[in-house]
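The values are calculated or read from the model by the stated rules, or taken from the named source; none is laboratory data. Treat the numbers as computed from the prediction; the structure is a model and nothing was measured. Methodologically, a virtual Cβ is constructed for each residue, glycine included, from the backbone with ideal geometry; neighbour enumeration extends over all protein chains shown.
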Amino acid sequence: MTNYNPNIDPANNGTLVGTIEFAYQQMIKNTDGMLPATVISYDRTTNRVMVQLLITLVTTDGTQVPRPTVASLPVLVLGGGGFTLSFPLNEGDLGWVMANDRDISLFLQTYAQAQPNTGRVKNFSDGLFIPDIMKTYNVTEANNGYVTLANKNGLASISIGVNPTSMLNEVNIKADVINLIPNATLGFVNIYGQLAVTGPIGATIPPVPPVPFPPG
């Protein structure tokens, strides 16, 4: 494999501009930005992940050197207004590590305004892990025009969109078992409008034991 070298403008050879450009290129090579990574382990309770960066370092003789693992990074959890969307990350899942501009270690202790604890600048140790399924998601023509939340094999999904045949707004839920779990004492299920059921109801089929609702 040929070692990568940045393009050099022959007009800059032996010039001050060429020297400055070379120095700048060397500087930014030592400045972290964002790279793809794979999950080694994930603690969902603390929302911290250990990852392996997937772009190697390359020495001047072309030898590839794996980057060190990065431990205890916070994971992006989309949320706002009291709502969150959290994913159960597994070993081998993919994503991106984005380096913060300054040391965020003191901020992560309180999640309040804090000063940098060290002089680190643009370092993956102060990164954020952004989960990204990348190329392995399950989307077919049936999903066209719909927002979907689904597992990788497509057998459990929630899709929201407009039915291209009826032009009605739809929410479709697909799974082997769908549980409606009202909160204890005051919880109940409301249905406004028409209810259409295809297939047997109630005791005409063997009941499926309810799946314990996960905490949180």
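Out of 161, 127, which single residue is over 30 Å from residue 35 (Cα atoms) and within 24 Å of the chain's Cα centre (by Cα)?
Criteria check complete, one pass: 161.
Can you report the number of residues in region 67-125 which are in a loop (DSSP other than H, G, I, E, B), touching an Asp or Glu at 6+ places or on another chain (Cβ under 9 Å) and aromatic (Phe, Trp, Tyr)?
Residues that pass the stated criteria total 1.
Could you tell me how many of the residues in region 148-198 are surrounded by 10 or more Cβ atoms within 10 Å (Cβ to Cβ) and among the acidic types (Asp, Glu)?
Result for region 148-198: 1.
For region 67-122, which residues satisfy the criterion of being within 13 Å of the chain's Cα centre (by Cα) and among the aromatic types (Phe, Trp, Tyr)?
87, 96
Looking only at region 137-157, which residues are under 21 Å from residue 89 (Cα atoms) and not hydrophobic (A, V, I, L, M, F, W, C)?
The answer is 137, 138, 148, 151, 152, 153, 154, 157.
Across region 86-98, what is the total count of residues that are out of contact with any Pro (no Cβ under 9 Å at 6 or more places or on another chain), surrounded by 10 or more Cβ atoms within 10 Å (Cβ to Cβ) and modelled with pLDDT under 95?
Total satisfying the criteria: 1.
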